[in-house]
Amino acid sequence: MKVVDVYLFGQILGTHSFLLKDGFLKPDEYSEIKEQYFLPGGETGTAATVLNSLGVTVRIDGTWIGTEVAPMLRDFYAGTGVDLSSLTFSDDTGVMDYVVIAGLVRSPMGHFQTLFSSGKQWWNNPKEEDIIGCKVAAIDPFFGEQSDQAAEICVGHGIPYVTIDAVHDSYLHRHAAINVVSGECLSGQYDGMSADEVMKLMMQETEGLTILTQGGGDMLYGRRGKEIRKMRPFDVTVRSTLGAGDTFKAGCVYALLNGLSDKDTVRFASACSAVAISRFPLPLNPPKMDEVNELLR
């Protein structure tokens, strides 16, 4: 099996993105599409694209890839450091989402509620042989038992992993090297609690690093027994926020792979995300190392 640096497990989609010309959609009003694309998306798909741009080789697994998504995915990653050999290619059309974007505002659409409530599994089980040769992993929490299985394999083989939006009492959070918690998770899972309260709750449940992102607001980060630290995101002109969180995750994976300190991890991931939101579409213009380093300086 091909040796790669990083194993990624989670959502891999075909994303139809539409950048509008004059502001966001309004009821009963016409909107002009400025640019539109069909490109790899999902938390794992986007992270793979960003890590490949940063010079990291990755193996991705997770969502089954259908007939409409497969040709695009294979063409996009042909000749890159992204290994698709673990994916399952199915006979249905495949999982896709549709995202309307206007600057700071975006609205994703899809069939995920229907898919998750169908009672059917439309993703792979993680395979131990895919993981054990890697140095670092990243695991999305959306696949329940299979996400936990991927984490258990990592723990069993001493492979550190990054996760996102894993709640404080979950296996994924307790054993993660880094858990990146979004403002969306904060409001959805911890309604009525302040960011500091959630951070204290999460930090006491793990030896790993917890990072709470809040869009344009201060990022919070910390570990058990230490103070909560804050850091402002980098100030850039925003063209599209699509993929910002997935790029932040990819930056954390890179930082973990290269042994960065907690402070430098948050700075590096934030710089990656800042570069990402300054252009559109992200998959065709992922952050490059010289761009990230320039922003860090």
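Listing 51, 104 from fewest to most neighbouring C-beta atoms within 10 Å gives 104, 51.
Normalised by 2.2 N^0.38 Å, with N the number of residues, the alpha-carbon radius of gyration of the range 97-151 equals 1.53.
Pick out, from 102, 33, 234, the residue whose Cα sits farthest towards the positive end of the charge dipole of the chain, with +1 on the Cβ of Lys and Arg and -1 on the Cβ of Asp and Glu. Farthest towards the positive end: 234.
When 58, 167, 162, 275 are arranged by Cβ crowding within 10 Å, least crowded first, meaning fewest neighbours, the order is 167, 275, 58, 162.
Sorting 33, 131, 139 on the 10 Å Cβ count, fewest up front, what's the list? Write down the numbers at each step before the final one.
Working: 33 10, 131 22, 139 30.
Least crowded to most crowded, the residues run 33, 131, 139.
Our helix-only sum for the chain, with -39,500 (n - 2.57) per DSSP H run of n ≥ 4 divided by its residues, gives a mean residue ellipticity at 222 nm of -9500 deg cm²/dmol. Using the Karplus relation 6.51 cos²θ - 1.76 cosθ + 1.60 with θ = phi - 60°, the per-residue 3J(HN,Hα) values for the range 17-27 come to 10, 10, 8, 7, 7, 10, x, 7, 4, 10, x Hz, with x marking Gly and Pro.
Dividing the Cα radius of gyration of the range 79-173 by its Kirkwood radius returns 1.00 for Rg/Rh. Between the C-alpha center of the range 234-260 and that of the range 130-180 there is a gap of 19 Å. Based on C-alpha pairs under 8 angstrom that are at least 6 apart in sequence, the chain has a relative contact order of 17 percent. GNM remark for the chain: springs join alpha carbons under 10 Å apart, and the peak mean-square fluctuation among 241, 46, 80 falls on 80.
Across the range 125-212, how large is the tail of the calculated P(r) beyond 21 Å, expressed as a percent of all Cα pairs? All intermediate terms of the calculation are to be shown ahead of the outcome.
Working: 1061 of 3828 pairs.
I get 28 percent for the Cα pairs in the range 125-212 exceeding 21 Å.
Considering only the other residues whose Cβ falls under 12 Å of the Cβ of residue 61, what net charge follows from Lys and Arg at +1 and Asp and Glu at -1?
Details: positive: 59, 127; negative: 83, 128, 129, 130, 140.
Its environment carries a net charge of -3.
Every read-out reported here was derived from the displayed coordinates using simple, explicitly stated rules and does not represent laboratory data. Since we're looking at a predicted model, the values are computed, not measured. Ideal geometry is used to build each Cβ from the backbone, glycine not excepted, and the neighbour counts take in all protein chains shown.
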